[in-house]
Every structure is written in structure tokens, then in C-alpha cells.
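Below is one structure, written out as C-alpha cells; the observations come after it.
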Amino acid sequence: MSSPSEGKCPVEMSKGTCGRSTARDNRCIFHLGNKDQAEAQEFAKLFPEELNTLEARGDIDLSHFEFPGEVTEFLGRILSKNIIFSRAVFEKKVYFYGTEFKEADFWHTTFKDEADFREATFTATANFSEAIFEAGADFTLTKFNAFARLRKARFLKPRSVVFDQNQMNNVSFLHTEGLSEVTLRSVQWPTDKGRCRLIDEDLMMEGEQDATYVNIADVYRRLRRNYESRVRYSDAGSFFKSEMEMRRMQVAPGKKLVDKVRRNLLSAIGWYNLLSVYGESPSRVAVCALAVFGVFSFWRFLVTPLPINPCLTQLVSAAMNSIERTILVFFQLKSEDFSDGIERILSALLLTLSAVTLRRQLERHR
């Protein structure tokens with residue numbers, strides 16, 4: 001290793017200028033990139049004591065640190081202070097197995113090798129925004145007890161990224177690269193009214209600028225594709241409903257009556273929801289079909305010419321004729337007047353939705 005210079009490291013960290021003695025290239029041993037073997041050994045020797053010193057002082061600021069070898073100092077560690085890894089670089093595998101974090105900031109952190117977060121617990125905010133995972137990452141049994149921001153994180157080898165047995169109530173994946181391919185096993189998503197409802201919807205209601213209907217729909221779409229690619233159609237259906245819900249709300253986002261009418265009754269996607277819950281509810285389609293059938297049968301019975309005092313046989317015959325004609329019209333086999341045309345339009349729509357919902361149900365039972 002070359003001899004240290006007399007200067008102070010000028011790297012601007014989250015808590016101010018570094019100020020440590022420089023080792024080479026106007027950088028201290030912790031911020032020096034492309035370390036040779038001797039420098040890497042020096043880093044490994046000094047880092048544990050540096051970590052303890054920083055934790056004793058207050059928040060642990062490791063921003064811009066360059067970790068040259070495997071990092072094991074955090075294995076099972078219970079951190080008493082917030083920790084900052086902003087723009088840090090891990091050249092080798094890093095172990096956070098069983099680590100308990102308070103607030104943790106991994107903004108724009110680069111993991112060049114595997115990152116092990118198994119059974120880690122984040123008791124306060126976890127920020128992985130714009131973090132770059134160049135290899136695998138394991139989040140099995142990781143607990144996100146507060147808001148976890150994985151927005152714009154980049155999983156460059158997404159099939160090597162695992163989320164397993166996680167509660168996702170507090171996790172935001174807006175603009176996350178590779179989300180449609182990461183491995184999602186026994187993951188629990190927050191639900192509301194029969195569909196997934198991510199925390200981003202709550203943040204949107206609170207006025208967060210980046211949480212828009214368009215951006216949230218994109219997250220739901222990529223999660224849907226993820227589950228579809230693994231033939232988990234039931235889970236995919238939940239995200240499909242959420243994706244379509246965002247699109248429907250985008251038609252008229254306001255809370256006024258006119259906005260509700262526009263998105264529910266004056267838009268195709270609104271009717272798609274009302275008639276079939278976006279093709280995910282066979283029972284809703286069946287109820288609507290029965291309602292159409294009943295209304296038109298009753299209408300035809302009312303307009304059937306009958307004597308002033310009809311007998312029971314005449315009433316039954318009129319009812320049967322009305323039902324028979326409704327069946328023929330419903331299945332596009334007859335059309336004589338304006339009411340038949342209306343029924344045929346409605347029945348054609350319902351028959352199409354029946355085919356869509358049936359296909360989805362069959363896919364789930366492959």
C-alpha cells in the first residue's frame with residue numbers, strides 16, 4: 001500500500017465532510033475505491049472499531065464507503081442508532097442476516113455481489129431507493145415494520161432476488177426495475193374489498209406527488225405479470241383488479257358526484273367493473289344475466305295481449321311465451337322489435353364477459 005498523504009478526506013457524507021486522514025488519491029481508507037490487497041486488509045482491520053465508534057457517537061454514517069471484501073460485521077447485530085449507507089459500494093457478499101435496524105438508508109447503494117437480508121428487521125424507515133443489486137438478494141423472513149421504500153431500485157438479476165414469508169403492508173415498489181421477474185413466494189399483500197391494495201394508494205390520498213394512478217397501475221401490472229409467469233392466476237387476478245381499478249379512477253379522479261358518474265356509468269371500464277369486476281367474478285356476470293333475463297321476460301309478459309279477465313291457463317301460457325322469446329333473443333336467435341335489439345346488445349355483452357370470466361377460471365385450475 002502506498003504511504004498516506006497528509007491531507008484530509010474531502011468526501012461529503014450525509015452528516016458532513018469525512019475529514020479522515022487520506023490513504024491514497026485524496027481518499028481515506030474507507031472511501032478509497034479500487035483497493036489493492038494490502039488496502040483491503042487495512043480496511044478489514046479498521047472497520048469493526050470504526051463501526052463501534054460511530055455507533056457510540058450517534059447515527060452511523062457509512063455513506064460513500066467502499067467495502068472491498070465480504071462484510072460480516074452486521075450478522076445478528078442489533079443496531080442502537082440509525083445507519084446510513086448512501087452511495088456505499090459492496091464489492092463482495094454482504095451479510096445482514098438477523099440484523100435489527102432502526103432507520104436504515106441504502107439510497108443509491110451498490111451491491112455488486114449477493115446481499116443477504118434474511119430474517120433482518122427494519123423497525124423504522126428502510127430506504128432502498130435507487131439501490132443497485134447487481135447479483136442476488138435474499139429477503140426471506142425480512143420484516144418491514146415501517147415504511148420500506150424500494151422505489152427505483154434496480155434488480156439487475158431479478159430471478160436471483162427472493163422475497164419469502166414477508167408482510168408487504170409497508171413496502172413501495174414504484175418504478176422498481178425487475179419487479180415482474182423477482183421471486184415472490186409466501187408473500188402477504190395488504191388487501192381491501194377483494195383486491196390487493198398497496199401502501200402507495202394511501203400515500204396518493206395524502207398527496208404524495210410520485211404516487212399517481214398511472215404509476216401505481218404500473219406496479220400492479222408488473223406484479224400481475226410476475227404471478228402469471230408462475231401460473232399463480234388467483235394472485236394475478238387480485239393484482240389485475242387493482243390495476244384496472246387504478247385505470248378506472250384515472251378516468252375521473254375527483255370525489256364529486258359528477259366524477260363518480262363519469263368513471264362508473266359513462267366509461268367502458270366502469271361498466272366492465274359493474275358487470276363482472278373486470279372479468280374476475282363469474283357470479284357478478286350471472287346475477288346481471290339473470291337480471292336482464294328477468295326484466296325482459298317480465299316486460300314481454302306485461303305487453304302480451306290478454307282478455308280482461310284472463311284465466312290461470314292464459315296467464316301461464318303468456319308467461320311461458322315471454323320466457324321462451326327472451327331465451328331466443330338472449331342467445332341471438334331472434335329479433336323482431338326495438339326491445340329485442342336492446343336485449344341482444346346487453347346479452348351479447350354478458351355472453352362475452354361470461355366467456356372471459358370462464359377462461360380466467362379455467363386458467364386457474366390448470
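We did not get these values from a lab; they are worked out from the coordinates using the rules stated. None of the values given here were measured: they were computed from a predicted structure. For neighbour counting, all protein chains shown are included, and Cβ atoms are generated from backbone atoms with ideal geometry for every residue, glycine included.
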>> As I understand it, the value is the acute angle between the Cα axis of helix 312-330 and the longest principal axis of the Cα atoms of the chain; what does it come to in degrees, rounded to 10?
In response: 40
>> Can you say what percent of the DSSP beta bridges in the chain, counting only those with both residues inside, are antiparallel? Round to 5.
In response: 15
>> What's the ranking of 283-292, 221-230 by average number of surrounding C-beta atoms within 10 Å, highest first?
In response: 221-230, 283-292
> Rounded to the nearest 500, what is the chain's calculated 222 nm mean residue ellipticity when only DSSP H runs of at least 4 contribute -39500 (n - 2.57) each, over all residues?
Replying inline: -13500 deg cm²/dmol
>> If you take every residue apart from Ala318 with its C-beta less than 13 Å away from the C-beta of Ala318, what net charge results, scoring Lys and Arg +1 and Asp and Glu -1?
In response: +1
> Where does the charge balance sit around Lys102 when Lys and Arg score +1, Asp and Glu -1, over other residues with C-beta under 11 Å from its C-beta?
Replying inline: -4
> D for the chain, whole µm²/s, Stokes-Einstein with Kirkwood Rh over alpha-carbon pairs at 25 °C and 0.890 mPa s: what number?
Replying inline: 99
>> Is there a quick way to get the dipole size of the chain? I mean about its Cα centre, with the Cβ of Lys and Arg at +1 and of Asp and Glu at -1; what is the value in debye to the nearest 20?
In response: 1420
>> Net charge within 15 Å of Ala217 by Cβ-Cβ distance, Lys/Arg positive one each and Asp/Glu negative one each, not counting Ala217 itself?
In response: +4
>> Need one number: convex hull volume per residue for the stretch 281-364, Cα atoms only, in Å³.
In response: 93
> Cysteines without a disulfide-compatible partner in the chain, using Cβ under 4.7 Å as the rule?
Replying inline: Cys196, Cys288, Cys311
> Of Trp107, Phe85, Met204, which is farthest along the charge dipole of the stretch 76-216 in the positive direction, counting Lys and Arg as +1 and Asp and Glu as -1 at C-beta?
Replying inline: Phe85
>> Cut-off is 10 Å between beta-carbons; in what order do Lys255, Lys15 appear when sorted fewest neighbours first?
In response: Lys255, Lys15
> How do 266-276, 173-183 rank on mean C-beta neighbours within 10 Å, highest first?
Replying inline: 173-183, 266-276
> Quick one: which of Lys8/Lys102; Lys112/Lys152; Lys15/Lys102; Lys102/Lys193; Lys8/Lys112 span more than 23 angstrom between C-alpha atoms?
Replying inline: Lys8/Lys102; Lys102/Lys193; Lys8/Lys112
